[in-house]
Amino acid sequence: MPKVLVSDPIDQAGLDILSQVAQVDVKTGLSNEELVQIIPEYDALMIRSGTRVTQEIIEAGNQLKIIGRAGVGVDNVDVPAATRKGIVVVNSPEGNTIAAAEHALAMMLALSRYIPDANHSVKNGKWDRKSYVGAEVYKKTLGIVGLGKIGSHVAAAAKALGMKLIAYDPFISLERADHLGCRLVDMDLLFRESDYITLHIPKTSETANLINAEALAKMKPTVRIINCARGGIIDEAALAEALKEGRIGGAALDVYENEPLEADSPLRSLGKEAILTPHLGASTAEAQINVAIDVAEQIRDVLLGLPARSAVNIPGLYPDALEKLRPYLQLAENLGNLVGQLAGGRVELLTVRLQGELADNNSQPIVVAALKGLLSQALRERVNYVNASIEAKERGIRIIETRDGSIRDYTGSLHLEAKGALGDHSVTGALLGDGEIRITDIDEFPINVPPTHHMLFTRHRDMPGIIGKIGSLLGSFNVNIASMQVGRKIVRGDAVMVLSLDDPLPEGILAEIMKVPGIRDAYTVML
Ligand SMILES: NC(=O)C1=CN([C@@H]2O[C@H](COP(=O)(O)OP(=O)(O)OC[C@H]3O[C@@H](n4cnc5c(N)ncnc54)[C@H](O)[C@@H]3O)[C@@H](O)[C@H]2O)C=CC1
Ligand SMILES: O=C(O)C(=O)COP(=O)(O)O
């Protein structure tokens with residue numbers, strides 16, 4: 001039974017799903033060293049924001065197939081390291097959207113009315129109404145940085161509160177912003193015009209320190225900033241200083257550069273103009289059930305050999321597309337494997353041509369599948385859909401993708417050409433109506449054979465007796481032939497022979513085949 005390590009608190013609903021297919025160990029609060037020590041025995045790791053999955057942990061995880069982040073942000077996972085090692089990283093892109101958006105809205109209103117401090121003072125026996133005269137959000141300008149899932153939900157609610165909305169997000173369309181009632185502006189203008197600024201962007205190298213001293217200096221002295229996105233997007237020291245000096249109106253933070261927040265952080269000593277929560281954006285019962293189920297299902301599926309629906313490091317493999325392309329991915333993998341062997345390894349150029357109805361599809365998964373096949377001789381099970389592109393890049397394999405929808409011999413077919421140690425070789429394959437795969441062309445010789453585990457290819461002169469000789473030679477080595485096909489362009493010209501074999505070819509037989517008069521070349525291929 002596979003083993004799953006759950007290293008952060010996860011709702012029982014997720015653990016129940018994992019338990020159907022794996023031994024589940026919940027061990028929270030482990031140090032990096034402890035994780036490095038125990039990770040080799042696990043097939044999957046399930047986390048939230050509390051576990052930092054470092055390169056060291058990933059490298060030690062020799063059994064690891066999947067890292068599941070029960071939430072959105074994967075900035076605590078070294079995704080490039082996982083990709084290189086062929087480990088799928090999945091998250092739950094929508095499971096906690098509402099929770100995070102509602103937390104940001106709660107922070108905005110609480111900040112405007114000093115609710116945490118007012119509450120604290122009443123509980124401490126006071127009745128102070130003078131100190132807590134707040135501000136209304138109605139008709140104020142809310143600047144939303146990041147108009148994705150959470151930002152959009154915040155926008156809809158803020159609209160209902162009567163706020164004016166402006167947004168900065170270089171990756172969304174004017175139409176989308178318009179639809180949300182938001183005016184798209186540049187970042188500078190957002191900083192200058194906003195009465196409230198709320199952040200809903202991922203932490204990346206571009207967004208780190210986005211709100212620094214320089215940005216703070218552009219803002220209104222009354223601006224209130226809400227960060228329920230990620231720590232490190234705001235320069236905490238600069239923010240604390242601006243608040244202390246009254247250069248901005250307030251800040252509500254849920255996330256911090258270092259979590260837990262340091263005991264001596266200058267943020268902790270701020271007054272009623274600052275609200276701090278301990279990364280509670282996703283902490284609702286509903287969100288925790290959603291993300292736990294979403295990610296546990298994906299871990300279960302990957303452990304069962306099925307694809308994950310929200311992998312962050314498998315390009316282009318979205319569930320709908322995947323379902324449609326699945327038979328073609330198998331075809332691409334078989335053909336990649338075949339052409340790689342025919343080209344004799346050390347492939348420097350792979351041309352992938354999508355033909356017929358296949359030409360209408362996203363080529364990226366097909367190319368990845370072809371590369372996986374191509375590299376599988378060298379890398380065996382170490383290559384998968386996650387790392388095939390990186391491995392190919394590291395080996396300097398150039399890729400050319402083309403499409404030709406007009407080739408309609410079969411509904412959809414795929415043509416691969418590889419330039420390798422043995423020169424240029426090409427293969428074409430198609431899917432038949434019943435989903436069966438056929439190799440339909442090798443080095444431009446038409447054939448029609450299903451791929452099988454053991455295959456023998458020859459290049460020879462089309463002449464009487466050659467097929468019989470090969471047949472009896474294989475028989476003398478006790479190799480059973482499942483099917484045989486000859487492809488030729490002209491009678492008594494050059495030809496190819498493809499044999500599907502039930503048994504592996506024994507040592508030495510290729511040399512014997514090469515001695516048969518008329519044979520120019522012979523290759524064995526294992527798919
Ligand atoms: N506090 C908490 O507990 C939670 C925090 N989060 C954080 O919220 C973030 C956003 O989550 P979603 O809305 O679900 O993600 P999303 O992917 O739907 O939206 C992110 C938006 O940011 C935009 N963006 C990316 N780089 C940008 C840049 N440099 N400047 C401006 N916009 C940029 C993208 O175009 C996208 O529209 C997550 O990455 C995560 O870090 C998410 C859930 C809970
Ligand atoms: O989903 C996210 O990005 C979050 O920040 C939620 O973090 P958490 O799972 O509550 O530790």
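Values quoted throughout were computed directly from the atomic coordinates according to the rules given, and no laboratory measurement underlies them. Because the structure is a prediction, the values reported are computed rather than measured. Note that each Cβ is placed from the backbone with ideal geometry, even for glycine, and that neighbours are counted across all protein chains shown.
Shown in residue order for segment 24-34 are the 3J(HN,Hα) couplings computed by the Karplus curve 6.51 cos²θ - 1.76 cosθ + 1.60 at θ = phi - 60°: 10, 10, 9, 9, 9, x, 6, 7, 4, 4, 5 Hz (x for Gly and Pro). Annotation: the residues 200, 453, sorted from fewest to most other C-beta atoms within 10 Å of their own C-beta, follow the order 453, 200. Note on residue 203: aspartates and glutamates with a C-alpha under 16 Å away, same-chain residues under 8 apart excluded, are 75, 78, 169, 235, 236, 254, 257, 259. Only lysines eight or more places from residue 3 in sequence, or on another chain, were considered; those with a Cα closer than 20 Å are 27, 65, 85. Counting every other Cβ atom within 10 Å of each residue's Cβ, 325, 379, 18 order from fewest to most as 379, 325, 18. The amide H of residue 407, built 1.01 Å from its N in the peptide plane, has 356 as neighbours under 5 Å, considering only residues 5 or more places off or on other chains. Counted over the chain, the DSSP beta bridges are approximately 50% antiparallel. Each Cα pair under 8 Å and six or more residues apart adds its sequence gap; the mean of these over the residue count of segment 97-276 is a relative contact order of 20 percent. Legend: helices of the chain (whole DSSP H runs) are marked when their alpha-carbon atoms reach 20 angstrom or more along the helix axis and their mean Kyte-Doolittle hydropathy is at least 0.0; marked are 97-113, 285-303, 363-379.
Here the 3J(HN,Hα) profile of segment 274-280, calculated from phi with Karplus coefficients 6.51, -1.76 and 1.60 at θ = phi - 60°, is 10, 10, 10, 10, x, 6, 9 Hz, Gly and Pro shown as x. Please tell me the relative contact order of the chain in percent, rounded to the nearest whole number, where contacts are Cα pairs under 8 Å and at least six residues apart. Computed over the chain, the figure is 11 percent. Taking square-rooted eigenvalues a ≥ b ≥ c of the alpha carbon gyration tensor, is segment 1-95 rounded, prolate or oblate, where a/c under 1.5 means rounded and, failing that, a/b exceeding b/c means prolate? Note, shape of segment 1-95 comes out rounded.
In order along segment 131-138, phi translates into HN-Hα couplings of 6, 10, 7, x, 10, 8, 8, 3 Hz, rounded to whole numbers, per the Karplus curve 6.51 cos²θ - 1.76 cosθ + 1.60 with θ = phi - 60° and x for Gly and Pro.
Within the straight-line cut-off of under 22 Å between alpha carbons, the lysines reachable from residue 515 are 469, sequence neighbours fewer than 8 places apart in one chain being disregarded.
Given the pairs 123/159; 393/489; 140/218; 130/220, which are separated by over 28 angstrom at their Cα positions? Before the final figure, lay out the partial values.
Working: 123/159 34 Å; 393/489 36 Å; 140/218 18 Å; 130/220 24 Å.
Listed pairs above 28 Å: 123/159; 393/489.
Normalised by the number of residues in segment 452-527, the mean separation of alpha-carbon contacts (under 8 Å, six or more apart) gives a relative contact order of 51 percent.
Do any chymotrypsin sites (Phe, Trp or Tyr not before Pro) in segment 107-172 lie in a DSSP loop with no more than 16 other beta carbon atoms within 10 Å, and if so, which? Those satisfying the criteria are 127, 138, 171. Seen from a random direction on average, the alpha-carbon convex hull of the chain projects onto 30.0 square nanometres.
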